[in-house]
Each structure stands twice: as structure tokens, then as C-alpha cells.
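Encoded as C-alpha cells, the structure appears first; notes follow it.
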Amino acid sequence: MAFPKRLEYGGHALVWSGDWSEAGARKAIAGAARAGYDYIEIALLDPWQIDVALTKDLLQEYNLRAHASLGLSATTDVTSTDPAIVAKGDELLRKATDVLYALGGSELCGVIYCALGKYPGPASRENRANSVAAMQRLADYAADKGINIDLEVVNRYETNIMNTGLEGLAFLDEVDRPNAFLHLDTYHMNIEEDGMAKSVLAAGDRLGYVHIGESHRGYLGTGNVDFASFFNALKQINYRGPITFESFSSEIVDPKLSNTLCVWRNLWHDSDDLAGKALDFIKQRY
């Protein structure tokens, strides 16, 4: 079964902190709470390094919820034709699910169906079949813990599996699990889509998670994303799910993720100003 969604607003942890040490976790959770968000999205690239007890205490202290995202690497790529690599990917995804469950979260999102990065060629039929099978296994594992999985559609430089919402929906048809949903990100949509509305409208109630990011990943409203069309489409489908503000700058660096995402530019300095203005921007439109 699919598990209930709620309309809520969150911020990605990298807006405030590049690590999840005690100091980093407190900085991110406190920052998200101070800005008025309902939850923080934690990047579980290495879920074994998350101090669950500490994180739970901080979430309770600041009255915040948590969801989680991650992207796989070449060593955990579930599209691989090497069974050992697929097994490592399964292990990582199960551990991330366990951590999210322990934190009381219900949404595991991101590029969880392949490695996050530029592939040297198109996906083969076997690559795609392996990815579908891995998502079926993950969805079933997550279902036992009351967790939805949300598959993020990203641009051609970060996956060769699906680059548009329509491709994502076709992939979901193959996965065929009630707790598997589409995850759309305005940054990636601005690169790949024929406008900002078509995939939203096509997804309808299969849209499970949203990332709001500007074309340069800085302050919302200062780039090229057609947010008016996007939010109008969300209204047309009566979207009721998480909406996460996502922004990356060389001001805050995660040694793994920042390099993978090519975060070379410093687009902002003040996390609190950025996050507060982003939430106002989103709430004025949705």
C-alpha cells in the first residue's frame, strides 16, 4: 500500500551543513527550524555514519521531522551487470531505509535507482531491468516499515535511466509498487522538460515528492525557472506531499556530494537569509 502524504515544507541539509557530525546536525536542524520549515531532508550517502539517537534527540528538541535522500555511486550502482555491486546497492538502500524508519520519516527519495553521475553511454536493457528489480525489492522492504520511495528524475549528466517526468512514469509502471512515486525537481526539469507543467499534470497522484531549486541552484526567483507554471500545475493536481527547498553553493561543502553535483560557484553566503526567503517564495506560490 501507499502511505499517507502530507503537504509540508522542508529544507535540504546542505543549505546549512556539509556534514552530519554533532555540530553539523545541530546546525542544520536548528537552521531549518529557525527558518520555519516542517522537516529537514538528510542526505544519507553513508547511513552507517548517522548517529540515530543524536539525530532523534535534535529533531525532538527543535520540533522538526525528517525525510531522507541519497544517490548511489559506481560501487553501489543497482543498474550494474555485476551482482556484487548490485548487492552493495541493495545493502546501502536497506540501511538508509532503516535509518529513516528509526528517525520516524516516511519518504526516501533521490537518485536511488542508479549511480548519480554521467554515464559513458545509454542504459542497456539489462541495466534498466536490474534497476527496476532493485526498486521492487526496495519498495517491498520499505513498505514493511511504512515508507514510500520517491524516484527523482534528474538531467542527462546525472543518470541515463530517466530524464523527464514522462520517462519516470514509464519506469514506475515497470516497478509497479503502490509505495513507489515520482520525484520531480525544478532544477532538472528546467534542463530537460518541454515546459514545467506537462510532467506534473501527467503524474497526478503519482507525484510523491518535489524539490524546488533555481536554474543556478541559488536564490529562488533570480534564475530562469518558470515557477509560475510549475506551481499552477501542482495546484491543478491538488498536490499534497513534501516540498523541499534545495540549494547548493561552495559556501557549504559535502566532500562527496558537492563534487558529484559540480558545485564550484559560491551563490550565497548566508544560509538563514537564503532559507527564509526561499520558504516565503514557495508559500507565496503554494
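Identify all residues within segment 137-163 that are surrounded by fewer than 21 Cβ atoms within 10 Å (Cβ to Cβ) and either under 18 Å from LYS198 (Cα atoms) or among the hydroxyl-bearing types (Ser, Thr, Tyr) (or both); write none if there are none.
We begin by selecting, within segment 137-163, every residue surrounded by fewer than 21 Cβ atoms within 10 Å (Cβ to Cβ); these are 137, 140-141, 143-146, 155-157, 160, 163.
Hits for segment 137-163 are TYR141, ASN155, TYR157, ASN163.
Here's the yes/no breakdown for (1) modelled with pLDDT of 95 or more; (2) basic (Lys, Arg); (3) buried (at least 19 other Cβ atoms within 10 Å of the Cβ):
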position	(1), (2), (3)
GLY18	no, no, yes
ALA33	yes, no, yes
THR79	yes, no, yes
GLU91	yes, no, no
Could you say which residue among ALA129, ALA115, ALA123 is over 22 Å from ALA13 (Cβ atoms), touching a residue at least 40 places away in the same chain (Cβ under 8 Å), hydrophobic (A, V, I, L, M, F, W, C) and surrounded by 13 or more Cβ atoms within 10 Å (Cβ to Cβ)?
ALA123
Does segment 163-173 contain any residue that is outside any helix (DSSP H, G or I) and among the small types (Gly, Ala, Ser)?
no
Can you say whether LEU166 is closer than 23 Å to GLU246 by Cα, without any contact (Cβ under 8 Å) to a residue 40 or more places away in the chain and surrounded by fewer than 22 Cβ atoms within 10 Å (Cβ to Cβ), as far as the supplied structure shows?
yes
In the list TYR141, TYR113, TYR101, which residue meets the criterion of being at pLDDT 95 or above and assigned to a strand (DSSP E or B)?
TYR113
ALA87 passes all but one of the listed conditions (1) touching a residue at least 40 places away in the same chain (Cβ under 8 Å); (2) closer than 16 Å to TYR141 by Cα; (3) not aromatic (Phe, Trp, Tyr); the exception is number (1)
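The values are calculated or read from the model by the stated rules, or taken from the named source; none is laboratory data. Quick caveat: nothing in here was measured; it's all calculated off a predicted structure. Neighbour counts run over all protein chains shown; Cβ positions are idealised from the backbone, glycine included.
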